Amino acid sequence: MNKFLGILLLSVCALSCSSDLDFNQVNDLKLEPVVVANLATFDVPANEFVIGGVEQNVAGDVLNFDVFKETYLKNALTRADFFFEIDNTINRAFRVNLYLLDANNTPLYTIPFDVSAYTGVQKLVTKTEIFQNAKLDLLKKTTKIGFIITMYPGPALSESSLGSLKLRSSATVYLVLE
């Protein structure tokens with residue numbers, strides 16, 4: 001009986017249908033992934049604006065941003081959305097400028113933020129910057145991101161001042177891979 005079932009099963013498999021596979025379809029493959037990633041963050045305590053007992057009205061930093069050194073990624077990018085959130089718990093107002101810089105430290109694009117002084121109620125400053133077309137071309141030339149924080153006049157800060165200035169940001173990038 002087992003021999004009969006084995007021969008029957010083998011016969012059915014031998015008579016099964018098949019079709020030619022078209023491996024050229026892979027040439028028409030087009031993927032459009034969307035990727036979300038952290039962009040930049042900082043958390044500056046109020047007392048870091050005071051050095052040696054002297055209030056510093058301007059602070060800054062420059063970060064390497066070599067995301068576009070790979071030509072493949074540069075060519076695949078069709079849009080980028082940068083989302084920023086700033087939380088100020090210092091009783092001083094600020095101006096935060098984010099600069100997109102090229103390899104020669106030349107500013108390509110500036111994203112400004114006006115941040116009001118903390119008054120006991122949280123006021124998040126949010127902004128979304130969309131890079132498409134000509135703005136996207138500037139973004140693709142970016143090799144560094146610079147931050148300049150300017151503190152507006154107000155109550156004096158000391159080395160024991162409380163609060164902080166926090167920035168959180170993310171990027172949503174849209175790619176077309178062919």
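Flag: residue 24 matches the condition of being part of a helix (DSSP H, G or I) and not acidic (Asp, Glu). In this structure, residue 113 does not satisfy being in contact (Cβ under 8 Å) with a residue 60 or more places away in the chain and surrounded by 13 or more Cβ atoms within 10 Å (Cβ to Cβ). Beta carbons closer than 9 Å, at least 6 apart along the sequence or on distinct chains, pair a first residue in region 146-161 that is over 20 Å from residue 53 (Cβ atoms) with a second that is small (Gly, Ala, Ser) and surrounded by 13 or more Cβ atoms within 10 Å (Cβ to Cβ) for 147/40; 147/59; 148/59; 150/59; 152/93; 152/117.
Can you pull out the residues in region 131-144 that are open to solvent by 10 Å² or more (accessible area, probe 1.4 Å) and within 22 Å of residue 42 (Cα to Cα)? Answer for region 131-144, where residues must be open to solvent by 10 Å² or more (accessible area, probe 1.4 Å) and within 22 Å of residue 42 (Cα to Cα): 143, 144. Here residue 108 meets the list (1) open to solvent by less than 50 Å² (accessible area, probe 1.4 Å); (2) closer than 17 Å to residue 87 by Cβ; (3) among the aliphatic types (A, V, I, L, M) almost entirely, failing just condition (2). Taking residue 128, is it surrounded by 14 or more Cβ atoms within 10 Å (Cβ to Cβ), of a type in the set (S, T, N, Q) and under 21 Å from residue 167 (Cβ atoms)? It is false that residue 128 is surrounded by 14 or more Cβ atoms within 10 Å (Cβ to Cβ), of a type in the set (S, T, N, Q) and under 21 Å from residue 167 (Cβ atoms).
The values are calculated or read from the model by the stated rules, or taken from the named source; none is laboratory data. Bear in mind that the values here come from a model prediction, so they are computed numbers and not experimental data. Quick reminder, even Gly has a Cβ in these numbers, built from the backbone with ideal geometry, and neighbours come from all protein chains shown. Ligands, DNA and RNA are excluded from the accessible area calculation, which covers all protein heavy atoms including side chains. Shrake-Rupley method; radii C 1.70, N 1.55, O 1.52, S 1.80 Å.
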